[in-house]
Every structure is written in structure tokens, then in C-alpha cells.
Amino acid sequence: MIKRVQAWLSRKDRQEEQPVEISPDNIPRHVAVIMDGNGRWAKRRGLPRIVGHQNGMKAVKRATIAANDLGVEFLTMYAFSTENWKRPKDEVDFLMRLPVEFLALELDELIEKNVQVRVMGDSNALPNHTRKAMEEAVERTKHNTGLILNFALNYGSRKEIEDCMRELGNDIKAGRLSPEEITSELIDSRLLSGGLPDPDLLIRTSGEMRLSNFMLWQIAYSELWFTDVYWPEFDKSHLLQAVAEYQRRTRRYGGLK
């Protein structure tokens with residue numbers, strides 16, 4: 001059964017309203033998002049970059065609610081990479097306050113919507129206020145059974161894989177594991193995303209077409225969708241457009257159908 005959804009397509013002028021057809025039988029279980037373009041969105045409006053990040057936070061809420069309404073089970077948001085520490089200190093400090101502000105404003109509503117919050121990344125390097133806010137969100141939502149909202153915070157895929165290989169090497173050295181026992185499934189379980197299925201759909205905003213060290217192992221067979229829309233402008237219509245494109249594709253995983 002096809003559910004016909006009216007949505008604004010992500011054209012630059014966004015003047016024409018067009019229908020988007022979504023099948024409820026083929027919703028991606030796991031959607032991963034590289035949220036990009038906050039700074040450029042602000043610059044085009046003559047605003048400080050931090051205003052772009054503030055509006056990007058609002059887009060996180062919109063995307064979460066839209067994904068939850070659509071029936072997505074897992075939503076992973078690339079919030080802060082291991083490379084983002086290279087940015088100016090005042091911007092990094094502001095970005096580290098955003099999770100605190102976001103959760104203070106939105107956590108109660110997320111709980112009402114049965115959303116479970118998770119975090120993957122190196123939490124040891126985070127400021128205390130950021131880490132405590134995330135830990136509180138994880139604790140307060142751990143029994144929720146709805147959408148899993150997974151924040152990739154101080155996350156880098158190469159470091160994740162490096163740490164996983166080091167852990168496996170130590171297990172081999174200690175005699176707890178033999179090389180023959182190493183499988184894709186074992187590696188999956190040792191990654192920071194262990195317990196989550198691989199993303200079915202990866203979305204990147206702002207017109208950039210690269211992966212930026214994000215879930216490199218996990219997205220081996222993900223469908224990729226890129227849009228010129230800056231992240232602060234991202235809304236339900238863009239998610240619907242991405243899912244509609246996902247449903248038009250045939251996933252073969254290297255085989256034939």
C-alpha cells in the first residue's frame with residue numbers, strides 16, 4: 001500500500017510543491033546523517049557561525065521527529081568528529097555546549113516519544129558538562145523502546161577501526177582468540193556501533209560528496225544520498241525525498257537480482 005505524502009522537494013527555489021510517494025513496506029531501518037553546512041548557511045545570511053550551529057540543533061529535532069513518524073528504527077547523527085577539534089577554540093567550546101542545551105530543551109519530549117538516546121565516540125576527551133549531559137540522556141532513556149537516536153560525538157571511523165584491531169590483536173596475543181576466529185560479525189560487535197544494524201541510507205547535506213571519516217566499515221553497502229540543502233534547512237520533506245530515492249533503488253550487495 002502506497003502512502004502519498006505531499007512534501008517540498010529540496011530545490012534551491014523551493015517554489016513547486018510535488019508529491020513524494022513512500023511505501024511503508026520499505027522504510028530504511030537505519031538512517032545515518034552527516035549534518036553539514038551550518039557555517040555556510042550562517043555566512044550566506046551574514047550571521048556568525050554559531051547561529052548556524054544553533055539552527056542546526058533545531059534541524060536535529062525536526063529530523064528525529066520525522067524519522068520517528070516515518071518508522072525509522074535507528075538514526076545516527078554525526079555531531080562532532082575527531083577532526084573537529086582543529087576548529088577555532090571558541091567554536092569548539094560552543095559546539096560542546098550544544099548537546100547540553102539541546103537535551104535540556106528536548107529530552108523530555110524525546111522521552112514522551114519513546115526515543116532512546118545513545119552515544120558513540122571517545123567520551124573521555126569531552127568536557128565534563130557535555131559528557132554528563134549525554135550520560136544523563138542515555139540513562140533516562142535506556143528503557144525506551146522506540147527510535148534509537150545515536151549521536152556520533154567525538155567520533156572518527158579510522159580511530160574506531162584502529163582501536164578495534166588493537167583490541168583483537170591483544171586478544172590474540174593473550175590467547176583469548178585465534179586469527180581464524182576473526183569474522184566480519186566479530187568485528188561488527190567490537191566497533192562502537194556494535195548492536196546496531198549497518199545504515200541502510202546515508203544522507204549528507206550541503207552539497208559535499210565525501211564520507212569524512214564516518215562509519216567507513218558500516219556503510220559498505222549503504223545507499224548514499226546527497227543534497228545541496230544546508231543542514232539548518234533540512235526538514236521532513238528532505239527526509240521523505242531521501243527515503244523515496246532509497247525506495248527507487250535496488251540493493252544487490254554485489255549480486256544480481
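Readers should treat all values here as calculations from the given coordinates under stated rules, not as data from a laboratory. Being a predicted model, the structure only gives us computed values, none of them experimental. When we count neighbours, we look across all protein chains shown, and the Cβ atoms used for this are built from the backbone with ideal geometry, even at glycine.
Each Lys or Arg adds one and each Asp or Glu takes one away; over the other residues whose Cβ falls under 13 Å from the Cβ of Ala66, this sums to +3. Across the stretch 215-228, computed HN-Hα scalar couplings (Karplus, 6.51 cos²θ - 1.76 cosθ + 1.60, θ = phi - 60°) run 6, 4, 6, 6, 9, 3, 10, 6, 7, 9, 9, 10, 9, 6 Hz from first to last residue, x flagging Gly and Pro. The Cα atoms of the stretch 126-187 cover 40, 29, 20 Å along the three principal axes, with the biggest extent listed first. Remark on Leu126: its backbone amide H falls under 5 Å from none of the residues 5 or more positions apart or on other chains, H modelled at 1.01 Å from N. Dipole check for the chain: with +1 at the C-beta of Lys and Arg, -1 at the C-beta of Asp and Glu, and the Cα centre as origin, the magnitude is about 660 Debye. Under a 5 Å amide H cut-off, with hydrogens placed 1.01 Å from N, Ser81 pairs with Asn154, Tyr155 among residues at least 5 apart or on other chains. Charge tally for Met165 (other residues, Cβ to Cβ under 13 Å; Lys, Arg +1; Asp, Glu -1): 0.
Eigenvalues of the alpha-carbon gyration tensor of the chain, scaled by 5 and square-rooted, set the equivalent ellipsoid semi-axes at 29, 25, 18 angstrom, largest first. Which entries of Lys58/Lys132; Lys86/Lys132; Lys159/Lys236; Lys132/Lys159; Lys142/Lys173 show an alpha-carbon separation above 25 angstrom in the structure shown? Checking Cα-Cα distances, Lys159/Lys236; Lys142/Lys173 exceed 25 Å.
Descending by average beta-carbon neighbour count within 10 Å, the peptides 175-181, 65-71, 20-26 line up as 65-71, 20-26, 175-181, the highest first. Charged neighbours of Tyr246, selected by a Cβ distance under 10 Å, balance to 0 (K, R count +1; D, E count -1). Contact order for the chain, expressed relative to its length and based on alpha carbon pairs under 8 Å spaced 6+ residues apart, stands at 28 percent.
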